[in-house]
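Read the structure below first, then the notes.
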Amino acid sequence: MSPVLAGVLQLTALVAALALAYRPLGDYMAAVYSSPKHLRIEKVIYRCIGAHADAQMRWPAYLRAVLAFSAAGVLLLYLLQRVQGGMPLSLGFASISPDQAFNTAASFVANTNWQSYSGEQAMGHIVQTAGLAVQNFVSAATGMAVAIALVRGFALSRALGSGSGSGSARAGGTPARTGELGNFWADLVRGTVRVLVPLAVIGAVVLVACGAIQNFSGIHEVGQFMGGSQQTNGGAVASQEVIKELGTNGGGYFNGNSAHPFENPDAFTNLFEVFLILVIPFALTRTFGKLVGNVKQGYALLATMGIIWLGFTALMMWTEFAHGGPALEAAGAAMEGKETRFGVGGSSIFSVATTLTSTGAVDSFHSSFTAFGGGIQLLGMMLGEIAPGGVGSGLYGMLVMAIIAVFIAGLMVGRTPEYLGKKIGTREIKLAACYILITPTLVLGFTAASMVLPDALGSMLNTKVLGAGSHGFSEVLYAFTSGANNNGSAFGGLNANTPWYNTTIGLAMLLGRFLPMVFVLALAGSLAEQKPVPETAGTLRTEKPLFAGLLVGTILIITGLTYFPALALGPLAEGLS
């Protein structure tokens, strides 16, 4: 079987698996977030944290809860790393330095999982399981909660007692009052207990059955194929691997991440992990359609995400298979930096999935992709990781882009824009505009500063000529694009474990995660306070293929206008040289 055919068959199998899971998982999550009942274990958790799960929140209260919970997570994870040296099961590792502990704490709480350390050489079992793995669950659940709050903003009718749409009900089953978006603590706990934990248990069993390790082994010597030995350690790898993919987190137990055989043993587990990355973000479009009372609206978002994802995957596979040169032609494709057990097809599918979502896991060396392949990875993150995007963040990012698209359509026909029965007025479009401007400001600002500071330039580990050129610029651009978009993957060749990069990338991760949430929740509150607008003959039909095409065009044009100069200086210049 040719490598190209193998890649196409893998992609076909993946699409089929996602299609089978789409409806049942989407419907299940809609039922979870609209259920009036609390499970017994959930009631215990509410008592332990002192939360009143039936108390409804307007957007400022919801936002305060999100920020307070996340700030507590950063502090606790920071402290856990700083005292690691004195804890049991530390494997003899020292405590983490202050700047790296801050960077890692910010990274995992922000659902980024950027790692400026080698996991098997720095983090003991307690930090890995009680710190990093826990944040993999709750940071993903936080993103889902914010997305559901925005959906409720669209679904909520201002008429009290109307009960229109399942999103208009309280957790207790009574109609919500104007502007109420639900309860963050209930959404957080339900997303964790009813969605992420059950799926993670099933996924971990599959990974263990296929060869991923799951233990609390210490450091031991293992033989090498070419002679000699090396030290390695075990760990609760399968359980962390599954939630790192399922929650679109991405931080690996080992420095090799998903290229390491203990995390990703073979071609089947590679495809299974891609499935885990994509299944919840895609299924959330079905959840959205169910909660707003029109599943066709969810299909329109699904089509938009699917077109971009399939287009990027096809383009990546073509770029990596067709790249010229004697060595590449002898190997059959651009095999540098790729695992032979995955090949170009599996590596390309994984790479696009991880950069179009906020996952950041890698099964290949992204810096070794062709110049244009690296550009595709960068562009995928620059889109805002909305195709299908991160768990929760992909849905609310796509809904913000839908608002922008509706506004542009309204300008073209001279009509007040409306989306899902809500008017898109001055306040809404300002909030949407602020949302899409935050990340480019962080990415381009920090990249520009790094390219003029001698200490930051000194972190490029390439040769002097290459480090000062387009590939060196791409490394820095990739680092801040990954951090601000809460992705976490990286181009090799950049030493990011310095005070400058640990601090600035940490700030980019926190601001890139939580500032957009401020505008999303403010937008949700604004929409929830509106009366629904009756549909007329002039209303833009946002469930139609025409709107999906408009939305795809809007996303690509906005991203291109924002980032094209930076891409031209980096991967495009390298690819054309």
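The values are calculated or read from the model by the stated rules, or taken from the named source; none is laboratory data. This structure is a prediction, so every number in the text was calculated from the model and none was measured. Every residue, glycine among them, receives a Cβ derived from its backbone with ideal geometry; neighbour counts consider all protein chains shown. The area values use the complete protein model at the heavy-atom level, side chains included, leaving out ligands, DNA and RNA. Shrake-Rupley method; radii C 1.70, N 1.55, O 1.52, S 1.80 Å.
A few points about this structure:
- Condition check for Y396: among the aromatic types (F, W, Y), under 27 Å from V295 (Cα atoms), open to solvent by less than 30 Å² (accessible area, probe 1.4 Å) and assigned to a helix (DSSP H, G or I): yes
- Extreme residue, modelled with the lowest pLDDT, among residues of the range 347-368 that are part of a loop (DSSP other than H, G, I, E, B) and closer than 20 Å to P265 by Cβ: F365
- The range 399-427, residues that are assigned to a helix (DSSP H, G or I), surrounded by 23 or more Cβ atoms within 10 Å (Cβ to Cβ) and more than 24 Å from the chain's Cα centre (by Cα): V406
- Meets criteria (open to solvent by 10 Å² or more (accessible area, probe 1.4 Å), within 30 Å of T370 (Cα to Cα) and of a type outside the set (V, I, T)) for G483: no
- Here L431 fulfils each of the conditions (1) of a type outside the set (F, W, Y); (2) under 20 Å from A283 (Cα atoms); (3) assigned to a helix (DSSP H, G or I) apart from (2).
- The single residue among L310, L276, L301 that is under 30 Å from K422 (Cβ atoms) and not aromatic (F, W, Y) turns out to be L301.
- Top-ranked residue in the range 27-47 [being at pLDDT 95 or above and open to solvent by 60 Å² or more (accessible area, probe 1.4 Å); ranked as nearest to the chain's Cα centre (by Cα)]: Y28
- A count restricted to the range 170-224 and to residues that are of a type in the set (S, T, N, Q) and either touching a Cys at 6+ places or on another chain (Cβ under 7 Å) or at pLDDT 95 or above (or both) stands at 2.
- Of all the numbered requirements in (1) open to solvent by 20 Å² or more (accessible area, probe 1.4 Å); (2) in a loop (DSSP other than H, G, I, E, B); (3) of a type outside the set (K, R), L515 misses one, and that requirement is (2).
- Pairs where the first residue, in the range 212-235, is on the phi > 0 side of the Ramachandran plot and the second is open to solvent by 80 Å² or more (accessible area, probe 1.4 Å), C-beta under 9 Å, 6+ apart: G235/Q214; G235/F216
- Counting the residues of the range 1-57 that are farther than 29 Å from F342 by Cβ and in a loop (DSSP other than H, G, I, E, B) gives 13.
- For S348: the one exception among (1) open to solvent by less than 10 Å² (accessible area, probe 1.4 Å); (2) touching an Asp or Glu at 6+ places or on another chain (Cβ under 8 Å); (3) closer than 19 Å to L301 by Cα: (3)
- Restricting attention to the range 563-577 and to residues that are more than 18 Å from A449 (Cα to Cα) and of a type outside the set (G, A, S), the residue that is least open to solvent (accessible area, probe 1.4 Å) turns out to be P571.
- Test for F321: is it aromatic (F, W, Y), open to solvent by 20 Å² or more (accessible area, probe 1.4 Å), at pLDDT below 95 and within 24 Å of F275 (Cβ to Cβ): yes
- Candidates T554, T542, T559, T536 - the one that is surrounded by 18 or more Cβ atoms within 10 Å (Cβ to Cβ) and in a loop (DSSP other than H, G, I, E, B): T542
- Here E336 meets each of (1) over 28 Å from F137 (Cβ atoms); (2) modelled with pLDDT of 90 or more; (3) charged (D, E, K, R) with one exception, condition (2).
- Verdict on Q135 being of a type outside the set (D, E, K, R), at pLDDT 90 or above and surrounded by 23 or more Cβ atoms within 10 Å (Cβ to Cβ): yes
- Of the residues screened, A353 is one that is closer than 20 Å to E263 by Cβ, surrounded by 22 or more Cβ atoms within 10 Å (Cβ to Cβ) and aliphatic (A, V, I, L, M).
- Inter-residue pairs, beta-carbon under 9 Å, first among the charged types (D, E, K, R) and in the range 40-51, second open to solvent by 90 Å² or more (accessible area, probe 1.4 Å) and part of a helix (DSSP H, G or I), 6+ apart: none
- Output for the range 225-256, where each listed residue is open to solvent by 10 Å² or more (accessible area, probe 1.4 Å) and either more than 13 Å from Q128 (Cα to Cα) or modelled with pLDDT under 90 (or both): F225, M226, G227, G228, S229, Q230, Q231, T232, N255, G256
- Test result for L278, closer than 21 Å to A6 by Cα and touching a Ser or Thr at 6+ places or on another chain (Cβ under 8 Å): yes
- Just one of the numbered conditions (1) farther than 26 Å from I49 by Cα; (2) open to solvent by less than 50 Å² (accessible area, probe 1.4 Å) is not true of A94: (2).
- Residues located in the range 90-134, provided they are of a type in the set (S, T, N, Q), in a loop (DSSP other than H, G, I, E, B) and under 29 Å from G392 (Cα atoms): N111, T112, N113, Q115, S116, S118
- Residue within the range 284-305 that is more than 21 Å from the chain's Cα centre (by Cα), part of a helix (DSSP H, G or I), free of Cβ contacts under 8 Å to residues at least 12 places away in the same chain and surrounded by fewer than 22 Cβ atoms within 10 Å (Cβ to Cβ) present: yes
- Any chance L437 is open to solvent by 40 Å² or more (accessible area, probe 1.4 Å), out of contact with any Pro (no Cβ under 8 Å at 6 or more places or on another chain) and in a helix (DSSP H, G or I): yes
- Residue in the range 369-378 that is part of a loop (DSSP other than H, G, I, E, B) and either out of contact with any Leu (no Cβ under 8 Å at 6 or more places or on another chain) or without any contact (Cβ under 8 Å) to a residue 24 or more places away in the chain (or both) present: yes
- Screening A456 against (1) part of a helix (DSSP H, G or I); (2) open to solvent by 20 Å² or more (accessible area, probe 1.4 Å) leaves a single unmet condition, (2).
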